Amino acid sequence: MIGVIRTLGIDDVDQFIGLRTYSLINEPMSFGSDPHIKIDREKTIQDFQRKNEENFILGYFDQTTLIGFLGFIRYTNCKTRHKAFVWGVYVSENYRGNKIGNLLLESCINRAQQLEGLTKILLGASHISEAAIGMYKKFGFKEYGREKNAMIWEGKSIDEILMERYI
């Protein structure tokens, strides 16, 4: 599959909100965000306006349609600026199996490696997201902890696998 990976901007807000909302509703055990909360468009626009080289969302587009994304945030405190966090990785189910998640993660890591002083990337994954955990391991992420019962959704307990990768 040939697509384009690029940083999301203001023009992508509506597609991002649509796909993020869809991901939260349809995969509620994979994300910590509440699937019932409506994403505020104005706040999302303000958030996108604050994005920069150290705080961004990468999107994978099939022509003009956003089909996957990955968020990246570098910590700002002087004692923690050596770390960053990957969040919200999602690829539309119709496109899974095409290595789009791999491409997004690889692009993110390549970009992160250019950031002066950054030495580590962190992420958390639901223990039920076996394919995602496998992908993260393939890219050198290692489990450093597990939060038991990090979330409970409809009576089901979900552990969060905490992972890190040094760059």
Pairs where the first residue, in the range 96-109, is closer than 12 Å to Leu123 by Cβ and of a type in the set (Val, Ile, Thr) and the second is modelled with pLDDT under 95 and not in a helix (DSSP H, G or I), C-beta under 9 Å, 6+ apart: Ile109/Ile167
Residues of the range 1-34 that turn out to be free of Cβ contacts under 8 Å to residues at least 60 places away in the same chain, in contact with a Ser or Thr (Cβ under 9 Å, 6 or more places away or on another chain) and of a type in the set (A, V, I, L, M, F, W, C), as a count: 4
Test: residue in the range 11-31 that is in contact with a strand residue (DSSP E or B) (Cβ under 8 Å, 6 or more places away or on another chain), among the acidic types (Asp, Glu) and buried (at least 17 other Cβ atoms within 10 Å of the Cβ): yes
Among the listed residues Ile37, Ile25, Ile57, Ile73, which satisfies the condition of being part of a helix (DSSP H, G or I) and among the β-branched types (Val, Ile, Thr)? Ile25
Considering only residues that are surrounded by 13 or more Cβ atoms within 10 Å (Cβ to Cβ), farther than 19 Å from Ser30 by Cβ and small (Gly, Ala, Ser), which ones fall in the range 78-132? Ala84, Ser107, Ala112
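Give the residue, chosen from Arg20, Arg41, that is within 26 Å of Lys156 (Cβ to Cβ) and charged (D, E, K, R). Write out each step before concluding.
Values: Arg41 fails: within 26 Å of Lys156 (Cβ to Cβ).
That would be Arg20, the only listed residue that is within 26 Å of Lys156 (Cβ to Cβ) and charged (D, E, K, R).
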Considering only residues that are without any contact (Cβ under 8 Å) to a residue 60 or more places away in the chain, more than 18 Å from the chain's Cα centre (by Cα) and surrounded by 11 or more Cβ atoms within 10 Å (Cβ to Cβ), look in the range 145-167 and name the one that is farthest from Gly71 (Cα to Cα). Ser157
Return the pairs, sorted by first residue and then second, in which the second residue is modelled with pLDDT of 95 or more and assigned to a strand (DSSP E or B), the first residue lies in the range 119-134 and is more than 11 Å from Glu160 (Cβ to Cβ) and among the hydroxyl-bearing types (Ser, Thr, Tyr), the beta carbons are less than 9 Å apart, and the residues are 6+ apart or on different chains. Thr119/Lys83; Thr119/Tyr166
In the range 134-142, is there at least one residue being assigned to a strand (DSSP E or B) and modelled with pLDDT of 95 or more? yes
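The values are calculated or read from the model by the stated rules, or taken from the named source; none is laboratory data. Quick caveat, the model's predicted, so the values are computed rather than measured. Reconstructed Cβ throughout: ideal geometry from the backbone, glycine too, with neighbour counts over all protein chains shown.
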